[in-house]
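Asks: One structure, pasted below without further comment.
The values are calculated or read from the model by the stated rules, or taken from the named source; none is laboratory data. Because the structure is a prediction, the values reported are computed rather than measured. Note that we place each Cβ from the backbone using ideal geometry, even for glycine, and neighbour counts take in every protein chain shown.
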Amino acid sequence: MKFVISSLFVVVGVVNLLPVAGVVSEGTVQRLYELDTLPHDVSFLLRHRAFLFSIIGLALIGAAFLPQYRVAAALAGVASMASYVILFFVLKPDNAALAKVAYIDIAALALLATAVTLHYRCGQG
């Protein structure tokens, strides 16, 4: 069961690491979010957002191997992904790429909830 829990944390961590490619260039950010034009200031904010996701992703991956950090990493992951999903459904943007991110985050939240539940059921918490 420890392998399953660790694997779930790694998968969710990798999901949070995927946008890190956006840090390297404005063009990458445009492709990731399927945006035709992107003001430089907005590009800066999205690139910073990608960097912050990498921190959460690394924390989740680290928590896969260091159980004492799982709750803190899971809380950070839930705060990040749930806030995005809530904002997406409240603000209803018209961008298909943003919708894809919302649905991926919903799936990742389910995986993370499973991992935390198993963590506690197996007496690791």
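Asks: Quickly run through segment 63-100 and pick out the residues that are part of a helix (DSSP H, G or I) and either touching a Lys or Arg at 6+ places or on another chain (Cβ under 7 Å) or without any contact (Cβ under 8 Å) to a residue 12 or more places away in the chain (or both).
Replies: Once the filter is applied, which keeps residues that are part of a helix (DSSP H, G or I) and either touching a Lys or Arg at 6+ places or on another chain (Cβ under 7 Å) or without any contact (Cβ under 8 Å) to a residue 12 or more places away in the chain (or both), segment 63-100 yields Ala63, Gln68, Tyr69, Leu75, Ala79, Ser83, Ile86, Leu87, Val90, Leu91, Ala99, Lys100.
Asks: Going by what's in this entry, would Gly27 be described as modelled with pLDDT under 95 and either aromatic (Phe, Trp, Tyr) or at positive phi (or both)?
Replies: no
Asks: Do we have any residue at all in segment 99-121 that's touching a Ser or Thr at 6+ places or on another chain (Cβ under 9 Å), under 15 Å from Met1 (Cα atoms) and surrounded by 14 or more Cβ atoms within 10 Å (Cβ to Cβ)?
Replies: Checked segment 99-121: at least one residue is touching a Ser or Thr at 6+ places or on another chain (Cβ under 9 Å), under 15 Å from Met1 (Cα atoms) and surrounded by 14 or more Cβ atoms within 10 Å (Cβ to Cβ).
Asks: Another question, if that's okay. Just to be sure before I move on: is Val71 at pLDDT 90 or above, surrounded by fewer than 15 Cβ atoms within 10 Å (Cβ to Cβ) and farther than 24 Å from Pro93 by Cα in the structure I sent?
Replies: yes
Asks: Could I ask something else about it? Can you report the number of residues in segment 14-40 which are over 15 Å from Ala59 (Cα atoms), crowded, with 18+ Cβ neighbours inside 10 Å and touching a Ser or Thr at 6+ places or on another chain (Cβ under 7 Å)?
Replies: So the count comes out to 2.
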